[in-house]
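Peer 1: There's a structure below that I have some questions on.
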Amino acid sequence: MRINRRLLFAGLISAVVGAGAIIVSISFNHYTSTTAFCTSCHSMSFISADPHFQKSTHWAGSKGVRPSCGDCHIPTTNWFIETYTHVSSGIRDVIAELTHNYSDPKVWEARRAELAPEVVVKMRAQDRVTCRSCHDASAIRPASENGRVSHALLPRGGVTCIDCHTNIVHGPTSGDTAKN
């Protein structure tokens, strides 16, 4: 059986280009998940300067662990989902930055009020995948009885971290009635 050299060469080139594209996208995903990258936009500079954010256990925790923006906002369990989330969110954020004056804190706060419910819906739909990348629910021992009951429900589904733990990193938005 004779092997078609052109077909073999094309397959080899395709494999190299495909592997290169995956490596580049992984590096891109890593770089664009850093807090330094995220806070380089005008709107995110307000977040990093917010006292609630600065005092949050995720930013100023006693364990010395400081998750990046991407650790909480970008699911990393699947290369395709991670890349899709980066690209789709990035395009949306760039368009928003270019079409709004987020250097005005009031404009940014109004935008945050729009985004917060969407983020909660996404985190619920992702079944706490970003939380689980750092936290092991079976190892958490809540002090209160309500906390223990809620954590016991996590393996069954239907309840997720964001249902109870809202505003633990970012401060409440205007009109937000959620508790920490």
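Peer 1: Quick one: residue 48 ticks every box in (1) polar (S, T, N, Q); (2) open to solvent by 50 Å² or more (accessible area, probe 1.4 Å); (3) assigned to a helix (DSSP H, G or I) bar one, so which box is it?
Peer 2: Of (1) polar (S, T, N, Q); (2) open to solvent by 50 Å² or more (accessible area, probe 1.4 Å); (3) assigned to a helix (DSSP H, G or I), only one is false for residue 48: (2).
Peer 1: Mind listing just one residue for me: the one in segment 90-128 that is at pLDDT below 90 and among the hydroxyl-bearing types (Ser, Thr, Tyr) and, of those, farthest from the chain's Cα centre (by Cα)?
Peer 2: 103
This table checks each residue for (1) aliphatic (A, V, I, L, M); (2) open to solvent by less than 50 Å² (accessible area, probe 1.4 Å); (3) in contact (Cβ under 8 Å) with a residue 60 or more places away in the chain.
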{"site": "3", "(1), (2), (3)": "yes, no, no"}
{"site": "22", "(1), (2), (3)": "yes, no, no"}
{"site": "37", "(1), (2), (3)": "no, no, no"}
{"site": "41", "(1), (2), (3)": "no, no, yes"}
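Peer 1: I'm trying to understand the selection: among the residues of segment 51-99, which are open to solvent by less than 80 Å² (accessible area, probe 1.4 Å), hydrophobic (A, V, I, L, M, F, W, C) and not in a helix (DSSP H, G or I)?
Peer 2: 74
Peer 1: Moving to a separate point now. Restricting the search to segment 68-98, which residues are over 22 Å from residue 58 (Cα atoms), polar (S, T, N, Q) and touching a residue at least 24 places away in the same chain (Cβ under 8 Å)?
Peer 2: 83
Peer 1: Considering segment 120-132 alone, what residues qualify as being open to solvent by 50 Å² or more (accessible area, probe 1.4 Å) and touching a residue at least 24 places away in the same chain (Cβ under 8 Å)?
Peer 2: 124, 126, 127
Peer 1: Among the residues of segment 117-147, which ones are within 30 Å of residue 44 (Cα to Cα), out of contact with any Pro (no Cβ under 9 Å at 6 or more places or on another chain) and assigned to a loop (DSSP other than H, G, I, E, B)?
Peer 2: 127, 128, 135, 136
Peer 1: If I ask for residues that are β-branched (Val, Ile, Thr) and in contact with a Gly (Cβ under 8 Å, 6 or more places away or on another chain), which ones from segment 1-60 would you list?
Peer 2: 32, 34
Peer 1: For segment 1-36, which residues satisfy the criterion of being part of a helix (DSSP H, G or I) and in contact with a Cys (Cβ under 8 Å, 6 or more places away or on another chain)?
Peer 2: 35
Peer 1: Residue under question is residue 112, and the condition is that it be open to solvent by 50 Å² or more (accessible area, probe 1.4 Å), in a helix (DSSP H, G or I) and among the charged types (D, E, K, R); does it hold?
Peer 2: Taking the combined requirement at face value, the residue does not satisfy it.
Peer 1: Right, here's the next one. Which one of these does residue 160 not meet: (1) farther than 28 Å from residue 41 by Cα; (2) open to solvent by 50 Å² or more (accessible area, probe 1.4 Å); (3) modelled with pLDDT under 90?
Peer 2: With respect to (1) farther than 28 Å from residue 41 by Cα; (2) open to solvent by 50 Å² or more (accessible area, probe 1.4 Å); (3) modelled with pLDDT under 90, residue 160 is out only on (2).
Peer 1: For segment 148-155, does any single residue satisfy the condition of being farther than 24 Å from residue 60 by Cα, part of a loop (DSSP other than H, G, I, E, B) and modelled with pLDDT under 85?
Peer 2: No, every residue in segment 148-155 fails to be farther than 24 Å from residue 60 by Cα, part of a loop (DSSP other than H, G, I, E, B) and modelled with pLDDT under 85.
The values are calculated or read from the model by the stated rules, or taken from the named source; none is laboratory data. If you're wondering where the values come from, they're calculated on a predicted model, not measured in any experiment. No Cβ is skipped: glycine too gets one built from the backbone with ideal geometry, and neighbour counts run over all protein chains shown. Ligands, DNA and RNA are stripped out before the accessible areas are found, and what is left, the full protein with its side chains, is counted by its heavy atoms. Shrake-Rupley method; radii C 1.70, N 1.55, O 1.52, S 1.80 Å.
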